[in-house]
Amino acid sequence: MDTKQMIDLCKQHTMYTWGRQGGVAPLPVARAEGIYFWTPDGKRFIDFNSQLMSVNAGHGHKKIREAMKRQIDELLFVFPGTATEPRAKLGQKLAELAPGDIDRFFFTLGGAEANENAIRAARMATGRQKILSRYRSYHGATNLCMQLTGDPRRWANEPGTPGIIRVMDPMPYDFSFGRTESEITENNLRYLEEVIMYEGPQSIAAMIIETVTGTNGILPPPAGYLVGLRKLLDKYGILLICDEVMAGFGRTGKWFACEHGPIVPDLLCMAKGLTSSYAPLGAVGMRPKVYKYFDDNVFWGGLTYNSHCLGLATALANIEVFEEEGLVENAAALQAVMQEEMARLKAKHPTVKSYRNIGLFGMVDLQKDSQGTPMAAYNSASEAMTALGQRFRELGLFTFVRWGSFMANPPLCITEAQLREAWAVVDEALEVTHPYFEG
């Protein structure tokens, strides 16, 4: 199928996410391998965002594909009340990888379903209904998860599930006011405790956080925040749910981002990197303090495709690739290289305001003047950012441009040479933003 026919038929007969259908411009893709993908016309792109921060092992890995083929020939679907070999093996393997005493897992088809079932389990196990979440979060596009979400994608989906209490993040959108990380942590947790008091701790089942905020900033938590949050929630018997759909599976240089705390959440949600998106799969990991409730009480939740054999077998092969090829360690080692490249761009380009990364989870913010005014305001686009996105595509680099920032989340199999190659493309593309700098 040629490029035009592919695009025309997709637009005519399918719906695209998060967009006005008349304005979508889908990127045609014919094949992918490693950190690259190609259009039907043969143009190569560097995948600098791992698609949706999810193809962590890289595209087209032979070992994962072969495991999927074997599973197709053995067993695909049986109803969720069965026991299967891939279910047994993946549960055991995740219990080895997960932090602390998290050793039981409920399987879903993706991250939103994982978060949704984590909330369900927390409410049932505690007998409480309210959930705390943060304004700078994104937790998925189901009805409940949209209400857990703080960013503007929530607005069009309101009103939604009651009982969601949103609070401020440790790092506000304008965080250039000079406070130390410890001061930011202390102030935020003090405010959070006051909210808990007003809402009644006896009514709050859990708080859900992105351990590292994803699309709304790629924000690692400030020093002491995770440990302080864990201690505060324990004080009031409130469960902690860590959404690691993006931050998990090596993205931050550890298997799970909560290990940087270090803390152990009560429920740990995962997807995306769990299979490197080769097949749909999500999971909720639970500590005994949560899952033991369901030994004697019904878990009122279920999914037709719970524990689907193809997804489970894919995850097992994906984890083997991570271990054999040292992908988690590679992300940790290349953290410094990414920081070096970001610093180089800031020194060269007046439009680069700030940058940050943890492992291979990064973002660069642009400014339109020396006072640090964002190149695009909150929930807005700008001519400069549109031009930058177009230039990335012209130069064969795929990543997300959102508001006044762009993301840097390559597959974890990337080499240092490939990483520097990608940043060289970014360097060239940033030239198009210079005419928009006001001085």
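Where a number appears in this text, it was derived from the coordinates with a stated rule and is not lab data. Quick caveat: nothing in here was measured; it's all calculated off a predicted structure. Note that each Cβ is placed from the backbone with ideal geometry, even for glycine, and that neighbours are counted across all protein chains shown.
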Open item on the list: Give me the net charge for the shell around Val352: Cβ to Cβ below 11 angstrom, other residues only, Lys and Arg +1, Asp and Glu -1.
Closed with: +2
- [ ] Please give the FRET efficiency for Glu394 paired with Asn143, using the beta carbon to beta carbon distance and R0 = 41 Å, rounded to the nearest 0.05.
- [x] 0.60
Open item on the list: Between Thr82 and Thr373, what is the label-point separation in nm under the 7 Å Cα-to-beta-carbon projection?
Closed with: 6.3
- [ ] Divide by every residue of the chain the summed helix terms, -39500 (n - 2.57) for each DSSP H run of at least 4, and state the resulting mean residue ellipticity at 222 nm, rounded to the nearest 500 deg cm²/dmol.
- [x] -11500 deg cm²/dmol
Task: Per-residue Cβ neighbour rank within 10 angstrom, fewest leading, Met270, Met197, Met6 - done: Met197, Met6, Met270
Task: Which of His139, His61 has the fewest Cβ neighbours within 10 Å, and the rest in rising order - done: His61, His139
Task: Global form of region 298-388, assessed from the alpha-carbon gyration tensor, a/c cut-off 1.5 - done: oblate
TODO: At 7 Å along the Cα-to-beta-carbon direction for both Lys69 and Gln339, put a label point, then send me their distance in nm to one decimal.
DONE: 4.3
Open item on the list: Past 26 Å, Cα to Cα: identify those pairs from Lys89/Lys289; Lys11/Lys69; Lys4/Lys69; Lys63/Lys272, in the order given.
Closed with: Lys11/Lys69; Lys4/Lys69
TODO: Select from Lys11, Lys254, Lys346 the residue whose mean-square fluctuation is largest in a Gaussian network model of the chain (Cα-Cα springs shorter than 10 Å).
DONE: Lys11
TODO: Could you tell me which label, among (1) 24.8, 99; (2) 21.7, 66; (3) 25.0, 89, carries the value of Rg and Dmax of the Cα atoms in Å calculated for this structure?
DONE: (2)
Open item on the list: Please compute the alpha carbon radius of gyration of region 96-179, then divide it by the globular-protein estimate 2.2 N^0.38 Å. Two decimals is fine.
Closed with: 1.27
Task: Backbone HN-Hα couplings from phi across region 265-276 [Karplus 6.51/-1.76/1.60, Hz, Gly and Pro as x] - done: x, 7, 9, 10, 9, 8, 5, 5, x, 4, 10, 6
Open item on the list: Is there a quick way to get the dipole size of the chain? I mean about its Cα centre, with the Cβ of Lys and Arg at +1 and of Asp and Glu at -1; what is the value in debye to the nearest 20?
Closed with: 620
- [ ] Using amide H atoms built 1.01 Å from N in the peptide plane, name the residues 5+ places from Val78, or on other chains, whose amide H lies under 5 Å from its own.
- [x] Cys309
Task: Reach of Lys368 by Cα under 16 Å, taken over aspartates and glutamates that are not fewer than 8 positions away in the same chain - done: Asp174, Glu383, Glu431, Glu438
Task: Euclidean distance between Cα centres, region 216-279 to region 7-62, Å - done: 28
